[in-house]
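Student: Let me give you the structure first, and then I'll get to my questions.
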Amino acid sequence: MARPRKPLLSTDRIVETARALVDAEGLAAVSTRRLAAELGVSGPSLYNHFRTKDEILEAVADSVSGQVDLTMFQDGRDWRTALHDWAVSYRAALRDHPNIVPVLARGPGRRPAGLRLADAVYGAMVAAGWPPAQATSIGALMRYFVTGSALGSFAGGFVDDASAYDPADYPHLQQAHLLAEQQEKIDERAFETGLTALLDGLAGQYEQVRRTA
């Protein structure tokens, strides 16, 4: 009986395996030796696709950027609604893959999906009537806000031990030990609160832009 063939090594398969490893164990877990073992291949065979570990991590980051929905910039939604819906999709992708966020936070570099994302946001803002310089600032602002929200959980940063919050020292944190158990709800509400405030502020600036145009 013929031996079963091993799945062919491909760029996509390497990226998928590396992404799963980053998700499970963090950036430090990725090495060419570890990836080769996970894929059941020899280490040198990876170099036919990627020259370095950094190239692999860049590809993983770009695969996450590729999960962000961009259709809201193409289907006629107004600029504010499009920015809101895009930010929600962007954060969802980062929330699903939080360990790769430090790589994404460096900016798109040469990553195709990351550049398409930046191009879509900038192009939609200019098309809506924002001056190019302000459209650039909006893209930067949104990236700061979304990636920052994905770098860690506010609610999850509080321990669930009431004794950690002595009222003599922290008179306003008597319920802080309850935050962690409602982490997702609190973080989602905080994100929406911040996003609404941010968009409200931009809407005010947009009215000024339109009046002076």
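The values are calculated or read from the model by the stated rules, or taken from the named source; none is laboratory data. Given the structure is predicted, the values throughout are model-derived calculations rather than measurements. When we count neighbours, we look across all protein chains shown, and the Cβ atoms used for this are built from the backbone with ideal geometry, even at glycine. To get the accessible areas, we keep the full protein, side chains included, count just its heavy atoms, and leave off ligands, DNA and RNA. Shrake-Rupley method; radii C 1.70, N 1.55, O 1.52, S 1.80 Å.
Student: Can you compute 3J(HN,Hα) from phi for each residue in the stretch 104-113, using the Karplus curve 6.51 cos²θ - 1.76 cosθ + 1.60 with θ = phi - 60°, rounded to whole Hz and x for Gly and Pro?
Tutor: The phi angles translate into 4, 5, 6, x, x, x, 9, 6, x, 5 Hz.
Student: Moving to a separate point now. Among Arg91, Arg189, Arg111, which one moves the most in a GNM of the chain with springs linking Cα atoms closer than 10 Å?
Tutor: Arg189
Student: Which FRET efficiency, nearest 0.05, do Glu55 and Leu141 yield, Cβ-Cβ r, R0 45 Å? It would help to have the intermediate numbers written out before the result.
Tutor: On the way: r = 29 Å, r/R0 = 0.65.
The pair Glu55/Leu141 has a calculated efficiency of 0.95.
Student: Could I ask something else about it? So, for the chain, what is the accessible surface per residue at a probe of 1.4 Å, expressed in square angstrom?
Tutor: For the chain, the per-residue accessible area is 58 Å².
Student: Moving on. For the chain, with a Gaussian network of springs between Cα atoms less than 10 Å apart, report the residue from Ala113, Ala155, Ala18 with the top mean-square fluctuation.
Tutor: Looking only at Ala113, Ala155, Ala18, the largest GNM fluctuation is found for Ala155.
Student: Would you look at the GNM of the chain, springs on alpha carbons closer than 10 Å, and say which of Asp161, Asp169, Asp187 moves the most?
Tutor: Sorting by GNM fluctuation, first place goes to Asp169.
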